[in-house]
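Trainee: What follows is a structure written as structure tokens; I'll ask about it next.
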Amino acid sequence: PYDLLVIGGGPAGAAAAIYAARKGIRTGLVAERFGGQVMDTVGIENLISVPYTEGPKLAANLEQHVKEYGVDIITEQRAAHLQRKDMLQVELNSGATLSSRSVVLATGARWKTLGVPGEAEYRTRGVAYCPHCDGPFFKGKRVAVIGGGNSGIEAAIDLAGIVEHVTVLEFADRLCADEVLVRKAKQKDNIEMIVNAQTTEVLGDGKKVTGLTYTERTTGETHILEIAGVFVQIGLVPNTEFLQRTDVALNPMGEIVIDERGTTSLPGVYAAGDATTVPYKQIVVSMGAGSTAALSAFDYLIRS
Ligand code: FAD
């Protein structure tokens, strides 16, 4: 059995594995895809002390760093269930079961996509999901934000300080963001908000985004917006479906409930990164949280 088994190989899981292995304990890491969301990212400019890197390069660096510490890495495997018997037991999709004295859950999240033509094709070439990450790439340009919930309106306010103009498109007949955010957005003269708007296609020139089309749901009319970027803000879904039948408490959004030490409701199980209730979903935040979770697990191991 392992002393610590990490589920997930993104920034949070890699950090947890390195911190655990450096304590000299037997550490394993199971990941469906090493690197996680970082693999879907092009430019990264906010990993402090690294002014610029690219997703696949950062993922390779993470893997190399973990490999320097004799961590037992198992990739292309999904965790399917977690339970405590004498030890913690993690069942994999392959049918195998791994035993460990402690576990760090770091399975991350995925952005909800619109599912319209052009979205996948222009991902990272104008279609973006993270305003903190990609906003500065659109400096002085016109962009759209899809989604009029809190994350959409927050994104619009954030982007309005960087880009030339922001159009918010909301499918429903009203914005569902908090009133204070909507008021703030209305005060900005470079934000326009359109309700009853169904985005139907992302347009491009083969290289990058040039616009989008939407249908006005009340009249059925189609409109074209000329923009250089589309920020899709219709929700982030944590990869925690496999925990639904376990003793690990999730909040109504499916995020793993943790405290400031990364402790979950199941003794010996800690969690970190985008899969948790942590308020900000970022690489550097996930790395810090992964380290915290591993140190908490180590503290648990030396006391039990
Ligand atoms: P993830 O990176 O999501 O990794 C999760 C890991 O768990 C993966 O290895 C996955 O394969 C694995 N996994 C999932 N389910 C299972 C399972 N059941 N069993 C086994 N393994 C499983 N942040 C920044 O700070 N700067 C940026 O510039 C930036 N740009 C971004 C651009 C895009 C397009 C996206 C999508 C995100 C961006 N982010 C950026 C956010 C950042 O990528 C995430 O905050 C960060 O990757 C979260 O790390 P994590 O380790 O918690 O999860």
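Trainee: Starting with the highest mean, order 183-189, 99-105 by the number of other Cβ atoms within 10 Å, averaged over the residues of each peptide.
Mentor: 99-105, 183-189
Trainee: Turning to a different aspect of this structure: With +1 on each Lys and Arg Cβ and -1 on each Asp and Glu Cβ, and nothing else charged, work out how big the dipole of the chain is about its Cα centre, in Debye to the nearest 20.
Mentor: 620 debye
Trainee: To continue, here is another question. Would you mind putting 285-298, 209-222, 123-136, 6-19 in packing order, based on average other-beta-carbon counts within 10 Å, highest first?
Mentor: 6-19, 285-298, 123-136, 209-222
Trainee: Now, a different point. Tell me the relative contact order for segment 184-284 as a rounded percent, counting alpha carbon contacts under 8 Å between residues six or more apart.
Mentor: It comes to 14 percent, rounded to a whole number.
Trainee: Something else: Given a 1.4 angstrom probe, I'd like the percentage of the accessible area of segment 1-65 that is carbon and sulfur, rounded to a whole number.
Mentor: On the way: 1480 of 2800 Å².
Using a 1.4 Å probe with all protein chains present, segment 1-65 comes out at 53 percent carbon and sulfur.
Trainee: Here's something else I'd like to know. How much area per residue is accessible in the chain when the probe is 1.4 Å and only protein heavy atoms are counted (Å²)?
Mentor: That works out to 48 Å² per residue.
Trainee: What does the charge add up to near Val232, with Lys and Arg as +1, Asp and Glu as -1, over the other residues with Cβ less than 10 Å from its Cβ?
Mentor: Values: positive: Lys112, Arg123; negative: Glu119.
That works out to +1.
Trainee: Provide, for q = 0.11, 0.12, 0.14 Å⁻¹, the log10 of I(q)/I(0) from a solvent-free Debye sum over equal Cα point scatterers in the chain.
Mentor: Result of the Debye calculation: -0.71, -0.81, -1.01.
Trainee: Are any of the pairs Lys23/Lys67; Lys141/Lys208; Lys141/Lys186; Lys67/Lys112; Lys139/Lys188; Lys141/Lys207 more than 22 Å apart by Cα-Cα distance, and if so, which?
Mentor: Over 22 Å apart, Cα to Cα: Lys67/Lys112.
Trainee: Taking amide H positions as placed in the peptide plane 1.01 Å from N, state which residues far from Gly235 in sequence (5 or more) or on other chains have amide H under 5 Å from it.
Mentor: Close amide H contacts, sequence-distant or interchain: Lys112.
Trainee: Okay, helix-only estimate at 222 nm for the chain: each DSSP H run of n ≥ 4 adds -39500 (n - 2.57), divide by all residues, round to 500 deg cm²/dmol; what do you get?
Mentor: Roughly -7000 deg cm²/dmol at 222 nm, from the helical runs in the chain.
Trainee: Now a separate question. Within the set of other residues whose C-beta is less than 13 Å from the C-beta of Lys184, count the net charge using Lys and Arg as +1 and Asp and Glu as -1. Walk me through the numbers on the way to the answer.
Mentor: Values: positive: Arg183, Lys186, Lys188; negative: Glu154, Asp158, Asp178, Glu179, Asp189.
Local charge sum for Lys184: -2.
Trainee: Can you tell me the length gained on complete extension of the stretch Gln64 to Arg174, counting 0.36 nm per residue apart and subtracting the Cα distance?
Mentor: Extra length available between Gln64 and Arg174 comes to 34.8 nm.
Trainee: Taking amide H positions as placed in the peptide plane 1.01 Å from N, state which residues far from Arg78 in sequence (5 or more) or on other chains have amide H under 5 Å from it.
Mentor: The answer is Asn93, Ser94.
Trainee: Further question: Given H placed 1.01 Å from N in the peptide plane, which residues other than close sequence neighbours of Glu119 have an amide H under 5 Å from its amide H?
Mentor: HN-HN under 5 Å from Glu119: Val202.
Trainee: Related question: If you average over every viewing direction, what projected area does the convex hull of the Cα atoms of segment 151-296 give, in nm²? Show your work: numbers first, answer last.
Mentor: Working: hull surface 47.1 nm².
Spelled out: convex hull of the Cα atoms, projected over all directions, averaged, 11.8 nm².
Trainee: Sequence gap at least 6, Cα distance under 8 Å: using those rules, report the relative contact order of the chain to the nearest whole percent.
Mentor: So the answer I get is 21 percent.
Trainee: Defining a contact as two alpha carbons under 8 Å apart and six or more residues distant in sequence, what relative contact order in percent does segment 1-124 show?
Mentor: For segment 1-124, the relative contact order is 32 percent.
Trainee: Still on this model: Whole-Hz ³J(HN,Hα) for each residue in segment 91-98, computed from phi via Karplus 6.51 cos²θ - 1.76 cosθ + 1.60 with θ = phi - 60°, x for glycine and proline: what do you get?
Mentor: With the stated coefficients, segment 91-98 comes to 8, 9, 4, 5, x, 6, 10, 10 Hz.
The values are calculated or read from the model by the stated rules, or taken from the named source; none is laboratory data. It should be emphasised that the depicted structure is a prediction, and the values quoted were computed from it without experimental measurement. Positions of Cβ are generated from backbone atoms using ideal geometry, with glycine treated the same way; all protein chains shown enter the neighbour counts. Each accessible area value is taken on the protein alone, full model and side chains, heavy atoms only, with ligands, DNA and RNA left out. Shrake-Rupley method; radii C 1.70, N 1.55, O 1.52, S 1.80 Å.
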